[in-house]
Amino acid sequence: METSEKRTSAREDGMPPRPDAALLRRATDWMLRLEADPDNRALRRELDAWLDADDEHRGAWRRVRGAWELIGEAPSEPDLWPADPSPPVAARRYPPMARLVGSALAACLLLAVLPAAWRYWQADYRTPVGDTLALTLSDGSQVVLGADSALATDFSDDRRRVRLLEGEAFFEVAADRRPFLVQAGDMQARDIGTAFNVRADDQGYAVAVSDGEVAVRYREDEHRLLAGDQLALTRDGAARRYRLPPDRVATWRQGRLFVQDRTLADLAATLERYAPGYILIADGDLAARRVTGSYDLTDIDAALGAMVQPHGGRVLRITPLLRIVL
């Protein structure tokens, strides 16, 4: 039989072992039972006994509790519960799943509905979660607007400017004497006869070129990109440059997400544009892990699972609107 010393040893990469899926489901079940009956002292004693039985039980409990705290639903710690408390004051109770669904809906309202309302007033073109849009601008340029994205145009006699307000877009620029500029926040990409992709999100910006040349200006720096070049820019000003096959640029148009050296936190935000709901990563170390690979955007649960599995992560789908990565 495996010893407790083996169970609590560090992984080869120096990090503590992650609980397996069965333990995470068991810890989630304990959390739901406490949500349903928070004043049940016998239930808390049973939980204490389960936690004391194995360090892995405590590890699973900490991860699940951390996820619950992110949505403000964690009950008080059982270790702090008085041994012989006075009778609790009667409190209004809600079924655990109803409360959790309410939290998920509140998160969706704050993180989706309000930004969508802001984009509505500024955008000329917009897409809902899960849908893309192919369009032709007035100059003949072709654009594919990614899921949950918004674009505004500003053409004049001497310039062509579009603003990517949110999300992602692929541009095939028509020949014209006027320069073609893509603005995303304080990042500007200037076309020099090309086809290229631009992404803008909370993490920063990214530009990838499939044909021709693009000049990217960010703050005080300017970068020249050729076919196969990809530039990732963070909000704090850092820049990372990569090479990729030109035919891998904007594979999301074919339902695939090709990823190079992006964090799981960044990818969770991207996946939220392709499926309704919210993805919570309860472990900060896991959220910072970097990923390279190709994933199927038509199956978000499988894609998310494939992203986190090599790093020891597990995905719990709590409701259709809430996925938690532990």
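The values are calculated or read from the model by the stated rules, or taken from the named source; none is laboratory data. Predicted model, so just to flag it, every value in this text is computed and none were measured. So basically every Cβ, Gly included, is an ideal-geometry build from the backbone, and we count neighbours across all protein chains shown. Areas reflect the complete protein model, heavy atoms only, side chains present, ligands, DNA and RNA absent. Shrake-Rupley method; radii C 1.70, N 1.55, O 1.52, S 1.80 Å.
Computed values, structure above
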item: Counted residues, segment 304-326 - those being assigned to a strand (DSSP E or B), open to solvent by less than 20 Å² (accessible area, probe 1.4 Å) and touching a Lys or Arg at 6+ places or on another chain (Cβ under 9 Å); result: 3
item: Subset of segment 208-246 that is touching an Asp or Glu at 6+ places or on another chain (Cβ under 7 Å) and assigned to a loop (DSSP other than H, G, I, E, B) - its residue that is most open to solvent (accessible area, probe 1.4 Å); result: Arg219
item: Selection count, segment 157-173, where residues are surrounded by fewer than 18 Cβ atoms within 10 Å (Cβ to Cβ) and either at pLDDT 95 or above or among the acidic types (Asp, Glu) (or both); result: 4
item: Hits in segment 178-194 - residues which are of a type in the set (Val, Ile, Thr) and either touching a helix residue (DSSP H, G or I) at 6+ places or on another chain (Cβ under 8 Å) or not in a loop (DSSP other than H, G, I, E, B) (or both); result: Val182
item: Some residue of segment 217-236 being within 30 Å of Leu280 (Cβ to Cβ) and free of Cβ contacts under 8 Å to residues at least 12 places away in the same chain; result: yes
item: Residue that is nearest to Tyr278 (Cα to Cα), among those in segment 139-154 that are in contact with a strand residue (DSSP E or B) (Cβ under 7 Å, 6 or more places away or on another chain) and open to solvent by 10 Å² or more (accessible area, probe 1.4 Å); result: Asp148
item: Flag for Asp158 being part of a loop (DSSP other than H, G, I, E, B) and of a type in the set (Asp, Glu); result: yes
item: Enumeration of residues in segment 247-303 that are touching a Cys at 6+ places or on another chain (Cβ under 9 Å) and either free of Cβ contacts under 8 Å to residues at least 40 places away in the same chain or assigned to a loop (DSSP other than H, G, I, E, B) (or both); result: Pro276, Gly277
item: Count - residues of segment 296-322 that are in contact with an Asp or Glu (Cβ under 8 Å, 6 or more places away or on another chain) and among the β-branched types (Val, Ile, Thr); result: 1
item: Some residue of segment 253-266 being closer than 30 Å to Arg159 by Cα and either among the β-branched types (Val, Ile, Thr) or open to solvent by 60 Å² or more (accessible area, probe 1.4 Å) (or both); result: yes
item: So Arg224, is it basic (Lys, Arg) and within 17 Å of Asp266 (Cβ to Cβ); result: no
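Residue by residue, here is whether (1) outside any loop (DSSP other than H, G, I, E, B); (2) touching a residue at least 24 places away in the same chain (Cβ under 8 Å); (3) surrounded by fewer than 18 Cβ atoms within 10 Å (Cβ to Cβ) holds:
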residue: Ala134; (1), (2), (3): yes, no, yes
residue: Asp176; (1), (2), (3): no, yes, yes
residue: Phe196; (1), (2), (3): yes, yes, no
residue: Ala206; (1), (2), (3): yes, yes, no
